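The values are calculated or read from the model by the stated rules, or taken from the named source; none is laboratory data. Keep in mind the model is a prediction, meaning the values are calculated, not measured. Cβ sites come from the backbone with ideal geometry, for glycine too, and all protein chains shown count toward neighbours.
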Amino acid sequence: MRARVGQRVPVVVQSGGRSRTGARALWLAAETVVTCGVLLLLLVVHQLWWTNREARAEALDQVRVLEREWDISPPPPPAPTEEGEGAEGEGAAAEAGEEVAPFGAPSGSGAVSVGERGASAPAPSDAFAVLRVPRLGLTVPVAEGVSKRSVLDKGYAGHYPGTAGPGAVGNFALAGHRNTHGEPFRYINRLRDGDEISVRTRARTYVYHVDLVLASTSPRDVGVIRAVPRSLVKPSYGYSAPGAYLTLTTCTPEFTSAYRLVVWAKLVSTAPGRG
């Protein structure tokens, strides 16, 4: 049949508004996911690559500065000592059970016993020694304190306030990052009995040999950094007699801070000058 003249023929138009809105929402969601992924990747690159590069460069610069200064301005001759005291001079031992900062946590400044007679305690965050571990190819400055921002995040090893100084009877206890920010202590789990560790100061170089490794303990196991170190969590690990000890501590497992890895070494020799 023919449509009557003037009669309108209905036209059905399918609306695409909803489909376009849905597609736009999916596109925006995809863009958001991609953007978040890129930002996350950049953050990972920054943490795992850039902080290491930056901290290692700063740490090596500090080592060069210290050793250049020591070579140019050697220490004065040691003062006369009392009868029975060696010229090498060992500082006052930290008393067993002394109050120390929480193990594995930043702390304020505290009394520091110094391994060389006549030397004053370093100021907080000041680098005062150079630590070398030949097996690991590690050379890193040692600074006073275990503050993340002013010491550990710069790629330094940090000296626990209240523990003995290098070469002293007692426990010269150090902390360092396992991952990121130079990660100087990343591979200390590879150290074995007898491995050499040296600590150079302005006056002397102290050589320690690795003696014990505690693979994992609580972050609050303060016994491991006491003057006579012994784990409070695993008492079979540690010592029962005074001595000149070096302790290295770091987080474990890698990329976590759940537990602490501890390496103990004993002083075997000292020598003047360069190590």
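Considering each residue of the stretch 135-176, count those that are out of contact with any Gly (no Cβ under 7 Å at 6 or more places or on another chain), among the aromatic types (Phe, Trp, Tyr) and closer than 22 Å to residue 223 by Cβ, and give that number.
Adding up the residues that qualify gives 1.
Among the numbered criteria (1) of a type in the set (Asp, Glu); (2) under 15 Å from the mean Cα position of the chain (by Cα); (3) on the phi < 0 side of the Ramachandran plot, which single criterion is violated by residue 183?
In the conditions (1) of a type in the set (Asp, Glu); (2) under 15 Å from the mean Cα position of the chain (by Cα); (3) on the phi < 0 side of the Ramachandran plot, residue 183 misses (3) alone.
Just checking, does the stretch 166-173 include any residue being within 13 Å of residue 248 (Cα to Cα), crowded, with 17+ Cβ neighbours inside 10 Å, of a type outside the set (Val, Ile, Thr) and within 16 Å of the chain's Cα centre (by Cα)?
Going residue by residue through the stretch 166-173, those that are within 13 Å of residue 248 (Cα to Cα) are 166, 171-173.
Going one step further and asking which of them are crowded, with 17+ Cβ neighbours inside 10 Å, we end up with 166, 171-173.
This time we only want the ones that are of a type outside the set (Val, Ile, Thr), so: 166, 171-173.
Remaining after also requiring within 16 Å of the chain's Cα centre (by Cα): 172-173.
Within the stretch 166-173, one or more residues are within 13 Å of residue 248 (Cα to Cα), crowded, with 17+ Cβ neighbours inside 10 Å, of a type outside the set (Val, Ile, Thr) and within 16 Å of the chain's Cα centre (by Cα).
Please work out if residue 200 is without any contact (Cβ under 8 Å) to a residue 60 or more places away in the chain and of a type in the set (Lys, Arg).
No.
Have a look at 244, 265 and point out the one that is over 24 Å from residue 155 (Cα atoms), of a type outside the set (Asp, Glu) and crowded, with 22+ Cβ neighbours inside 10 Å.
Among 244, 265, only 244 is over 24 Å from residue 155 (Cα atoms), of a type outside the set (Asp, Glu) and crowded, with 22+ Cβ neighbours inside 10 Å.
State yes or no: is residue 229 surrounded by fewer than 19 Cβ atoms within 10 Å (Cβ to Cβ) and either in contact (Cβ under 8 Å) with a residue 12 or more places away in the chain or not polar (S, T, N, Q) (or both)?
Criteria not met by residue 229.
For the stretch 109-140, enumerate the residues that are surrounded by 21 or more Cβ atoms within 10 Å (Cβ to Cβ) and modelled with pLDDT under 85.
If the condition is that a residue be surrounded by 21 or more Cβ atoms within 10 Å (Cβ to Cβ) and modelled with pLDDT under 85, then 112, 113, 114, 115, 116 are the ones that fit.
Filter the stretch 53-69 down to the residues that are buried (at least 19 other Cβ atoms within 10 Å of the Cβ) and under 14 Å from residue 177 (Cα atoms) and list them by number.
Across the stretch 53-69, the qualifying residues are 55, 59.
Can you tell me which condition residue 196 does not meet? The list is (1) closer than 15 Å to residue 267 by Cα; (2) more than 16 Å from the chain's Cα centre (by Cα); (3) buried (at least 20 other Cβ atoms within 10 Å of the Cβ), and all the others hold.
So the condition that residue 196 fails would be (3).
Does residue 163 fit the bill of being surrounded by 24 or more Cβ atoms within 10 Å (Cβ to Cβ) and not in a strand (DSSP E or B)?
Numbers: surrounded by 24 or more Cβ atoms within 10 Å (Cβ to Cβ): yes; not in a strand (DSSP E or B): yes.
Yes; evaluated as a whole, the condition is true for this residue.
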